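Here is the structure we will look at.
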Amino acid sequence: MQKNNLLSDFSIVARPGKVHRVADFDPAYTASVNGKEEGVKLLKQNVKELIGLQDQLFAHNRYAMLLIFQAMDAAGKDGTIKHVMSGLNPQGCEVYSFKAPSATELDHDYIWRTYKSLPERGRIGIFNRSYYEEVLVVKVHPQFLVAQNLPNFNDHERPTPDFWEKRYRQINDIERHLTENGTVILKFFLNVSKKEQKKRFLQRIADPAKNWKFSANDVRERAFWDDYMEAYSDMITATSTEYAPWFVIPADHKWFMRYAVSNILINRLMELDLHYPVLSESEAQRLKEAEKLLLDE
Ligand code: ATP
Ligand code: MG
């Protein structure tokens, strides 16, 4: 049993139908976990528990799990994915990273590249960034829209609020379709504070083993911090739904962030009431016959 059920902790889950601002969520929140040592221990237990649940998800074969990760740079997407998924069977789990779209991708609608990468029934799919970039980085830098050759967009004007409302609606429609057809969606915004991001960038510069993670472009994007927070706030408000809620994961303490994601994943899997397939009478009979054949050899 989980110590907390963070699925219903309103310091983390963005309640559907309410107006949310990122500033209302505390990046240093740790629920009732008593410090790093306990957090690390709880994560370890969760990783073990996830192995069993993943096995059941696979055998049950009715649901796919889609985990979407969005965050500012250095919030810890990669580390969280690595730690939470560390014990899983690689056959039932796939990670996709979405970077700036290629020319071919730009020739399709913005959902296309992600739709092709959705998890199969019984599997866990992880999106490291996603179609949500289309209402985040693209909203902060609307000049990206020019390359999309959209019929309803004038290259020389800034997109209207209505343009973004339509995108939120399109995303909600797609997610509704997916959940109604067996894909369970969990969306994580790893919420790091501006101060903590600076600290992590400086560590990447100071530590030779972390130099490779440093990108001068990340520091340039940091200058748009307030615009990003606006975009995240509007996105969470518009697209946190009953069927695909946003979780604003406090990211200033890495140990808590990782534990929180594992906790939410486990609790959601438990809600699915997964079970191993039960054999019909004739199937059970055939199993008995096979057993007899083997024993009589
Ligand atoms: P890491 O830095 O940990 O390797 P990352 O996800 O930050 O991982 P980068 O190559 O640094 O990877 O950045 C990818 C960039 O692609 C991000 O700046 C992101 O905003 C951008 N991007 C992703 N999707 C889109 C999109 N649809 N349109 C424009 N830019 C996008
Ligand atoms: Mg990056």
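Residues of region 23-63 that are within 16 Å of GLN91 (Cα to Cα) and hydrophobic (A, V, I, L, M, F, W, C): LEU50, ILE51, LEU53, LEU57, PHE58, ALA59. So which residues in region 31-83 are aromatic (Phe, Trp, Tyr) and away from ligand 1 (no atom under 16 Å from the Cβ), if there are any at all? Across region 31-83, the qualifying residues are PHE58, TYR63. Considering only region 90-129, state which residues are surrounded by 18 or more Cβ atoms within 10 Å (Cβ to Cβ), of a type in the set (Phe, Trp, Tyr) and over 14 Å from the mean Cα position of the chain (by Cα). Within region 90-129, TYR110 is the sole residue that qualifies. Of all residues in region 216-246, those satisfying the criterion of being open to solvent by less than 40 Å² (accessible area, probe 1.4 Å) and outside any helix (DSSP H, G or I) are SER240, THR241, ALA244, PRO245, TRP246.
Could you check, for region 199-222, whether at least one of its residues is within 30 Å of ARG121 (Cβ to Cβ) and more than 16 Å from ligand 1 (Cβ to nearest atom)?
No, region 199-222 has no match at all.
For region 32-77, the set of residues classified as outside any helix (DSSP H, G or I), over 20 Å from SER11 (Cα atoms) and open to solvent by 10 Å² or more (accessible area, probe 1.4 Å) consists of ASN61, ARG62, TYR63, ASP73, ALA74, listed by residue number. In region 128-142, the residues that are within 12 Å of ILE111 (Cβ to Cβ) and more than 15 Å from ligand 2 (Cβ to nearest atom) reach residues that are outside any helix (DSSP H, G or I) and of a type in the set (Ser, Thr, Tyr) with C-beta atoms within less than 8 angstrom, at least six apart or across chains, in these pairs: TYR131/TYR110; GLU134/TYR110.
If the condition is being open to solvent by 40 Å² or more (accessible area, probe 1.4 Å), touching a helix residue (DSSP H, G or I) at 6+ places or on another chain (Cβ under 8 Å) and modelled with pLDDT of 95 or more, then region 272-297 contributes no residue at all. Just checking, does region 277-295 include any residue being touching a strand residue (DSSP E or B) at 6+ places or on another chain (Cβ under 9 Å) and part of a helix (DSSP H, G or I)? Within region 277-295, not a single residue is touching a strand residue (DSSP E or B) at 6+ places or on another chain (Cβ under 9 Å) and part of a helix (DSSP H, G or I).
The values are calculated or read from the model by the stated rules, or taken from the named source; none is laboratory data. Owing to the predicted nature of the structure, the values given are computational and were not obtained by experimental measurement. Heads up, the Cβs are rebuilt from the backbone with ideal geometry, glycines too, and the neighbour counts pull from every protein chain shown. Areas reflect the complete protein model, heavy atoms only, side chains present, ligands, DNA and RNA absent. Shrake-Rupley method; radii C 1.70, N 1.55, O 1.52, S 1.80 Å.
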